[in-house]
Amino acid sequence: MNQVLRAKRDALESLWRQGLSGHALLERHTSLMDSALAGYFEQCLHDAQNMSLVALGGYGREELFPYSDIDLMLLHDHSSDELVGKVAEAVFYPLWDAGLEVGHGVRTVQSCLDEADKDFFLQVSLLDARLIAGDETLLSSLLEEFRKKFIEGRRNTFLQDMLFHRQKRHQRFGNHSYLLEPHIKESRGGFRDIQAMLWSSQVIFSLKTAEDLERAGMLTADELARFAGARNTLIKIRNRLHYISGRKNDQLFFEHQEEMAHAFGYKDEQGMLGVERFMRDVHGHLQTIAVTTDLFFEHAIEVLGIANSDNLPRNKNLEKGLQLRQGRIHITDQEFIRKRPHLIMRAFYHAAKYGCPLHYRSKKMITAMLHTLDGKARNSKLTSRAFLETLQCPKAPLPALTEMLETGLLDSYLPEFLHLKSLAQHDIYHVYTVDRHLLQTVEEINRLRVSEHAIFITLASPHLLFLAALLHDIGKGQGKNHCEYGAELSAEIGARLALPEADIKCLAFLVREHLFLAEIAQRRDLEDEALIIRCARHIQDPDRLTMLYLLTVADAKATGPSAWSEWKAALLLQLYLKIANILSRDDLSMPDPAKELTWMRDQIKALQGNNCPVSDTILPDDYLQGNSPEEVVRHLTLHGELRHREVILQARAEEGHWSLLIMTHDRPGLLYKICGILALHNLQVLAAQIYTWLDGTVVDILHVASTIDNLFGDHNWQKLEEDLAKAIHFRLGLSHRLHSKLQSMRSGAPQPAKRPAAKVIIDTKASDNYTVIEVYAENRTGLLYDITRTLSDFGINTFRAKIGTKGDQIVDVFYVLDHRGIKIEDEIFQQEIRNGLLHAAA
């Protein structure tokens, strides 16, 4: 029997490949399963009295997806106890033999009611109960008793339970419909939200379908059409997701998104990937369902009067046409508001000010009135003032901006925002769609108002910072340089908001340069005084620097966990303070390096006193300029130990990373061997300062982090030093060990199918003293080893290294000179280096 069932399911998949999709596929699958199960049941039990085979859950709703669980209950009374085991085997065993996931239960009416009393999920599954075969009277008896015990007189309890489980589910699977790898069943806006709404409408209002809700006036015809369209599209997506995964999988991982986009006919157009277009529509559908179901539950809460009234602000008239009542902002005079469109924006200002959402009917009114925001209303100073005040409200800007986006007001007021709605960025770096990322950045700025209070209060125009947070990615999705194009759009928006000319220029600068500090901090040598002075000349103004710093922090925090760390925070703060120090001076010219070096040598001699085992004449200028006098003296003291030890390794924990000091004698290939050993010991290099004294002593200072989240005390530093000594003396093979380690790590988290190509940039102008080489590549174990080994093969000496990120790629930056100690200017040699590094990064 199981072979017959498998054959029928294979035939169903064949029909899907020929075009059967959507509800039709679910119905055909349900019918196939009904027929098979009824046959198993009836073959075993000729007299079906006192026993019923019941479909529950999605199967009960006749929404059986390709690899969904088959939820069944064998309902019986005690007169059929002797037959229950035989029937259960006859029904369930063929399903298990066919490899299907079966949710099953064997219950009497009373045991079912007892279990439902303890299990809310069984309660809701019984709302979808459907007879497959057997005694219809027995099932009717159960459902009648179920209604008496769990529904009649208990609607409030049911809704409270539903809201509790809904909130827990959202917290677990995603409280946003705009996560970039959405779970289309369990996250906000997914199928479970649809079911939660329909279960609740059935219990509270005796309405079973979305069409029933429309007939009852809870949905407009337009809302029903959008909801039904979104639901149907998600059904097609879930069908395909199951088939291409070959299992029950309801999360749209990156690895499936491109295949799905291609299957649904999305193509790369106008600078935008087809997969990004596809995911924008997916997020739009999830958002449609999320908003529809949110409005339903707000209505249900109001009808049953179960809203929590604790700690609500007092009811009050806010201004004519707007009222705060029961913790909601209400539009009380729609016609008055219609004639004064700036009051629509004022409603959101009050929502942000009091931390109270708009009432669901008021949100519907606003959506219906968006056409009143014509050119005149959009250019109104009253509207502009209300908008800027909403952005800056310290209590709750994010919920107010979210409602502004969901009602359509935000892109009606700022048409430039429209193309960003639900716009996905197809990488693992960003967590949110672009529109939600911008709103989250505003929220992060609001938090920095408290955590960075000391510098925040120095800002002369904080409204520009909040506006820049909202607009910094406004140029994305157009196939252009989003920083430059975003600056143009921001200037236009600033003019429309009636900002002064100086403010418009500042806003455009912040948007254009919002990546500037992050890129400098992560990819350049912050000990390069000339670089810091160039940055100061570029930014020019301390107030502008502070806004750019806060915007950079907020942008990174709003991007996702991989975009922010204590290490990156420390680098950014270091850069900010260095530039701020330069801007505080009257003279932005370079200080005299000879005076700095003389001061350093004097400090070293003072600290050493009469104990001078090594002359400071062996110390090169770049080493002295990159270290404190105390560190130099520590290194000089350790220098003597190299007479007895091949390698000195000292590790210490610092905020957000670990610092390693490695001292040894110079020899060819030393840096790549250090990088290889660190990779074998699960350490990621974040930055490196590499010095060679005039007597051949190497002093390398590396900042590292664990790739496996080890604690500092858990690491075997002695073993690391021993392995490094072995590698230096050619007694430990690195290439084969790293290859084996990489192979064992191949089965990692899902990644985008289309990865950015590796890229190498060689820049002779970024530093006065070195050639700067940037390598962009997919991160992997041993990458830094392969790159530094390639540089060594070319006789290139590395003096600084910084490891940063850009999107899905790692960015390895090296400050180098050739084997003669000069910059690499020859273009033919540069191309040879570029080719070698691209091969190493592949």
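The values are calculated or read from the model by the stated rules, or taken from the named source; none is laboratory data. Being a predicted model, the structure only gives us computed values, none of them experimental. Positions of Cβ are backbone-derived with ideal geometry, glycine not excepted, and every protein chain shown enters the neighbour counts. With ligands, DNA and RNA removed, areas are computed over all heavy atoms of the protein, side chains included. Shrake-Rupley method; radii C 1.70, N 1.55, O 1.52, S 1.80 Å.
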Does the range 200-208 contain any residue that is in the same structural domain as Thr292 (by the TED database), closer than 29 Å to Ala368 by Cα, surrounded by fewer than 17 Cβ atoms within 10 Å (Cβ to Cβ) and not aliphatic (A, V, I, L, M)? yes
Is there a residue being part of a loop (DSSP other than H, G, I, E, B) and modelled with pLDDT under 90 anywhere in the range 126-143? no
Under 6 Å by Cβ, and 6 or more places apart or on different chains, what pairs join a residue from the range 282-296 that is aliphatic (A, V, I, L, M) with one that is in a helix (DSSP H, G or I) and crowded, with 22+ Cβ neighbours inside 10 Å? Ile289/Asp193; Ile289/Ala230
Within the range 436-455, can one find any residue that is open to solvent by 20 Å² or more (accessible area, probe 1.4 Å), touching a Leu at 6+ places or on another chain (Cβ under 8 Å), outside the structural domain of Val772 (by the TED database) and of a type in the set (A, V, I, L, M, F, W, C)? yes
Which of the residues belonging to the range 236-254 are in a loop (DSSP other than H, G, I, E, B) and closer than 23 Å to Ala24 by Cβ? Gly246, Arg247, Lys248, Asn249, Asp250, Leu252
Residues satisfying the stated conditions in the range 371-385, i.e. assigned to a helix (DSSP H, G or I) and open to solvent by less than 30 Å² (accessible area, probe 1.4 Å): Thr372, Ala377, Thr383, Ser384
Of the residues Glu63, Glu82, Glu89, Glu27, which single one is buried (at least 16 other Cβ atoms within 10 Å of the Cβ) and among the acidic types (Asp, Glu)? Glu63
All positions within the range 550-573 that are part of a helix (DSSP H, G or I), open to solvent by less than 20 Å² (accessible area, probe 1.4 Å) and among the small types (Gly, Ala, Ser): Ala554, Ala556, Ala558, Ala563
Taking the range 326-336 on its own, how many of its residues are under 38 Å from the mean Cα position of the chain (by Cα) and touching a residue at least 24 places away in the same chain (Cβ under 8 Å)? 5
With the structure loaded, tell me whether Asp812 is crowded, with 16+ Cβ neighbours inside 10 Å, charged (D, E, K, R) and in a helix (DSSP H, G or I) or whether it fails that test. no
Conditions (1) assigned to a loop (DSSP other than H, G, I, E, B); (2) of a type outside the set (D, E, K, R); (3) under 25 Å from Gln684 (Cβ atoms): number failed by Val614: (3)
Has the range 494-508 got at least one residue that is open to solvent by 20 Å² or more (accessible area, probe 1.4 Å), in contact with a Cys (Cβ under 8 Å, 6 or more places away or on another chain) and within 27 Å of Ser380 (Cα to Cα)? no
If we keep only residues of the range 255-280 that are in a helix (DSSP H, G or I) and open to solvent by 60 Å² or more (accessible area, probe 1.4 Å), then the residue modelled with the lowest pLDDT is Glu255
Test each condition in (1) at pLDDT below 90; (2) farther than 14 Å from Ala688 by Cβ; (3) in contact with a strand residue (DSSP E or B) (Cβ under 7 Å, 6 or more places away or on another chain) for Ile803 and report the one that comes out false. (2)
Across the range 386-412, which residue is surrounded by the most Cβ atoms within 10 Å (Cβ to Cβ) among those that are within 16 Å of Gln440 (Cα to Cα) and without any contact (Cβ under 8 Å) to a residue 40 or more places away in the chain? Leu410
Residue match in the range 32-54 (condition: over 20 Å from Tyr93 (Cα atoms) and open to solvent by less than 60 Å² (accessible area, probe 1.4 Å)): yes
It is to be established whether one or more residues within the range 169-182 are at pLDDT 90 or above, small (Gly, Ala, Ser) and under 25 Å from Asn308 (Cβ atoms). no
Which residues, taken from the range 666-723, are assigned to a helix (DSSP H, G or I) and either at positive phi or touching a strand residue (DSSP E or B) at 6+ places or on another chain (Cβ under 8 Å) (or both)? Leu670, Leu671, Ile674, Cys675, Leu678, Phe712, Trp717, Leu720, Glu721
Could you check, for the range 27-48, whether at least one of its residues is within 19 Å of Ser140 (Cβ to Cβ), out of contact with any strand residue (DSSP E or B) (no Cβ under 9 Å at 6 or more places or on another chain) and at pLDDT below 95? yes
Can you report the number of residues in the range 111-170 which are farther than 27 Å from Met33 by Cβ and open to solvent by less than 20 Å² (accessible area, probe 1.4 Å)? 6
